[in-house]
Amino acid sequence: VALCITAVLLFGQPLASLAADPAIDCWFPPSWKVKGAKAKAITSALTDKSGLAVQPRIAKSYPQILAAFDSETYSLVYVGSFVQTIIRARELGTPLAQGINGKEFYSGIMVYPKGKDPGSILKGSPEKVAFTIGASSGESSAKAGTGGKAAVGVANHKAASMAVKAGKAEAAVVKNWWWDGNKGEFPGFAVYRIPGVSEEKNPDNVLTASKSIPSDVAKKIADAALASAEAFGVQKMAPFDPGTLDFSLGLMKKGGIDPLTYSW
């Protein structure tokens, strides 16, 4: 009993303070449903290094993430530029850190059947350009390159490329890094970099805290993230400048996408 009383006297206040901090949900995109172990490793590292309770949440949809960020719940998200741009435009959160792995910036490039003229496709049949819905390297880039007319929205970059192969689209806009790893499946395709669009300026691997998280708590998380490169599976974690999202926001504006009202 005496030991318990001593422990309460010595540690009661810090423990009460820690208990006062609600658990923090760290969201990952739906595609991470096959990366549960990695998500757990990241949140475990953030928990260990910050002293806060951070738990992994793999979203069923992107709107689920935005809803969490627009609530009083303490939330984090580790995701790419499309969602990050919406969060910034709606003032729902503050970026904390970015994972640096050599592919932390990406672009949307156009792929099309060899022998065709990419300029003619963009001007003559822009509505037949395929793209991944809700991606800077897909929807934003495709819409920006076609004046908002690209209309073949699909689930992912492979589906966009397959739409061209099947004749359902005349071209597709896909992520440059995805293409580098999958172009062998499409030997009949050529690549066109759309001027002002296909630039590797869209940031990926960004960890952001929701507006509900107090600044002192956010700093603890940021410090923990900067010390957890191994858990994130990157070369290093670096502080992230919100202005880095300006290019992605510019693509949305060119393509007629309103980040304030966009919905999947």
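Data for the structure
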item	result
Pair list, Cβ < 6 Å and 6+ apart or interchain, from the range 138-160 residues that are more than 16 Å from residue 80 (Cβ to Cβ) to residues that are assigned to a helix (DSSP H, G or I) and open to solvent by 30 Å² or more (accessible area, probe 1.4 Å)	144/254; 149/127; 150/143; 151/127
Of the criteria (1) of a type outside the set (D, E, K, R); (2) more than 19 Å from residue 22 (Cβ to Cβ); (3) open to solvent by 10 Å² or more (accessible area, probe 1.4 Å), which one residue 81 fails	(3)
Residue in the range 220-230 that is open to solvent by 20 Å² or more (accessible area, probe 1.4 Å), of a type in the set (Val, Ile, Thr) and at pLDDT 95 or above present	no
Of all residues in the range 137-185 being over 19 Å from residue 264 (Cα atoms) and of a type in the set (Asp, Glu), the one that is surrounded by the most Cβ atoms within 10 Å (Cβ to Cβ)	170
Tabulated pairs, the range 19-30, first acidic (Asp, Glu), second modelled with pLDDT of 95 or more and part of a helix (DSSP H, G or I), C-beta under 9 angstrom, 6+ apart or interchain	21/217; 25/68
Test result for residue 41, open to solvent by 40 Å² or more (accessible area, probe 1.4 Å), at pLDDT 95 or above and either assigned to a strand (DSSP E or B) or under 30 Å from residue 138 (Cβ atoms) (or both)	yes
Condition met for residue 86 (touching a helix residue (DSSP H, G or I) at 6+ places or on another chain (Cβ under 8 Å), part of a helix (DSSP H, G or I) and under 20 Å from residue 241 (Cα atoms))	yes
Residue satisfying all of: in the range 84-122; among the hydroxyl-bearing types (Ser, Thr, Tyr) and open to solvent by less than 20 Å² (accessible area, probe 1.4 Å); farthest from residue 222 (Cα to Cα) among these	107
Strands (runs of 3 or more DSSP E) lying entirely in the range 151-264 (those with 2 or more residues that are within 30 Å of residue 121 (Cα to Cα))	152-154, 171-175, 189-192
Single residue of 86, 121, 133, 100 found to be among the aliphatic types (A, V, I, L, M) and in contact with a Leu (Cβ under 7 Å, 6 or more places away or on another chain)	86
Whichever residue in the range 48-78 is in a helix (DSSP H, G or I) and open to solvent by less than 40 Å² (accessible area, probe 1.4 Å) and, among such residues, is nearest to residue 97 (Cα to Cα)	50
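The values are calculated or read from the model by the stated rules, or taken from the named source; none is laboratory data. This one's a predicted model, so the numbers in the text were calculated from it and none came from an experiment. Counting neighbours? That spans all protein chains shown, and the Cβs are built from the backbone with ideal geometry, glycine included. The protein model used for the area step is the full one, side chains on, heavy atoms only, and it has no ligands, DNA or RNA in it. Shrake-Rupley method; radii C 1.70, N 1.55, O 1.52, S 1.80 Å.
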